[in-house]
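Structure first, commentary second.
Computed from the coordinates by the stated procedures, all read-outs in this text should not be read as laboratory data. On a predicted model such as this, the values are computed, not experimentally measured, just so you know. Note that each Cβ is placed from the backbone with ideal geometry, even for glycine, and that neighbours are counted across all protein chains shown.
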Amino acid sequence: MIKTHHIVFGLVLTYCSFTSANEKSLDFEAGYIVDGISKLQPSGLTECEGRLVFVSDKHESEVFELALTKKGIAQAKVWKTIDNIPNPPEQKFGWWMEGKRFLAEVLGLTGGADWEGVACDDQGNLFLASEYYFSLLKVDLTGNKEWLVEDLYSKGREFGLFEKDNAYIEGVMIGENGILLADEREPRGFVSIKNDIMSFYAQPGTHLSEENLPYDYTGLDEYKGEIIALERNHYKVCKLSKDFKGNTCYSFRDVANSSNWGYVTGRYGLAEGLAVTDDFLWIIFDNNGDYRKANPEDSRSTLLKFKNPF
């Protein structure tokens, strides 16, 4: 267990997330329908040991891999079974949060790990980010499991994170600077963990864009030492500076809303998982059971492939 013996208040986030007429778009390569497993709600994506690997927030015991076909299908199958999960670290929630969680569990509305992010290190160890437990589970190559982050909720709250219900940990990255967790929205931000030190970064100012949509992060990956973040509601993939003060963003809005790959859904984005390889960016969608514009009888998820601009 990582002991959080010191907390550093990091520089606050600035952002350049307003829609720009000059914003560049990602170069679209291909799209795939995710098939093979029913009721998938993909919530995190990564490359691990040459595989595209993802988690689904309603599947606590499985991590899935994708096999791509020439017919535009991404065939999903179970890659690893995650059983005998140890008890998660205790959190200092306070009476109001404890009450809400208890009631939601009694009503069957929530509970379980709720995996929202997945990452893999150079040794092949797997890291699963749990939104419900506010922690990170490490699964090593022999199957041993260990929770790595303790008392994250109360420490994050001290610095303004975890304010919005059901908008907590939404991505994880394992890089040269340790572990980076993304807090989803209102405010969005980051938790950085290196050498047993946790640092917290929270977005200042308004948390809504001109379109009245929350600025958010729903996926993370590292590429050549750089932080690459997925902004779901504004259809962007951004390279962030190490102090989070600057970014370079590319849009995938046109493809995500197209007649071929879009969904008949509400005004919010659906992109939840991001994987970055040398040549490509991969984005997986959690469509929440909504059907595709191209086929009103098809409610399967999709995987989009773009050229890597970074």
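Database remark: amide H of K293 closer than 5 angstrom to the amide H of G262, Y263, V264 (H placed geometrically; neighbours at sequence offset of 5 or more, or on other chains; Pro and chain starts carry no H). When the C-alpha to C-alpha distance is required to be over 24 Å, the pairs from K58/K80; K145/K194; K58/K145; K239/K305; K138/K307 that qualify are K138/K307.
Projecting the Cα atoms of V53, A119, I85 onto the charge dipole of the range 6-307 (Cβ charges, centred on the Cα centre) puts V53 farthest toward the positive pole. At q = 0.17, 0.20, 0.23 Å⁻¹, what log₁₀ I(q)/I(0) does a Debye calculation on the Cα points of the range 195-310 give, no solvent, two decimals? Summing over Cα pairs of the range 195-310 leads to -0.89, -1.14, -1.36.
For L270, list long-range residues whose amide hydrogen, built 1.01 Å from N in the peptide plane, is under 5 Å from its own amide hydrogen. Long-range HN contacts for L270: none found. Compute the relative contact order of the chain as a whole-number percentage, counting only Cα pairs closer than 8 Å that sit 6 or more residues apart in sequence. Computed value for the chain: 21 percent relative contact order. Of the options [x] 41; [y] 49; [z] 28, only one is percent of Cα pairs over 30 Å apart as computed from these coordinates, and that is [z].
When the Gaussian network model of the chain links Cα atoms closer than 10 Å, the mean-square fluctuations of A30, A119, A256 top out at A30. Panel order for H207, H234, by other beta carbons found within 10 Å of each beta carbon, from fewest to most: H207, H234. Where is the GNM fluctuation largest for the chain (alpha-carbon springs, 10 angstrom cutoff): R232, R300, R157? Top of the fluctuation ranking is R157. Each residue of the range 220-232 was assigned a 3J(HN,Hα) from its phi angle through the Karplus curve 6.51 cos²θ - 1.76 cosθ + 1.60 (θ = phi - 60°); the sequence is 9, 7, 10, 9, 6, x, 9, 8, 10, 10, 9, 10, 5 Hz, with glycine and proline shown as x. Annotation: amide H of Y223 within the under-5 Å range of I228, sequence separation 5 or more or interchain, hydrogens built in the peptide plane.
GNM on the chain, alpha-carbon springs under 10 angstrom: the most fluctuating residue among E116, E158, E150 is E158.
Evaluated with a Cβ-only charge set (Lys, Arg +1; Asp, Glu -1), the range 6-307 carries a dipole of roughly 600 debye about its Cα centre, given to the nearest 20.
A simple rule links phi to the HN-Hα coupling: the Karplus curve 6.51 cos²θ - 1.76 cosθ + 1.60 with θ = phi - 60°, which for the range 271-284 gives 6, 10, x, 9, 10, 10, 10, 4, 9, 9, 10, 10, 10, 10 Hz, with x for Gly and Pro. Along its principal axes, the range 75-213 has C-alpha extents of 44, 39, 36 angstrom, given from the largest down. Per-residue Karplus couplings for the range 234-244, computed as 6.51 cos²θ - 1.76 cosθ + 1.60 with θ equal to phi - 60°, are listed in order as 10, 6, 10, 10, 10, 8, 9, 5, 5, 9, 6 Hz, Gly and Pro entered as x.
With Cα atoms defining each centre, the range 206-252 and the range 115-193 are spaced 17 Å apart in the structure.
When you work out D = kT/(6 pi eta Rh) for the range 167-243 at 4 °C and 1.567 mPa s, using the Kirkwood radius from C-alpha pairs as Rh and the Stokes-Einstein form, the result is 102 µm²/s.
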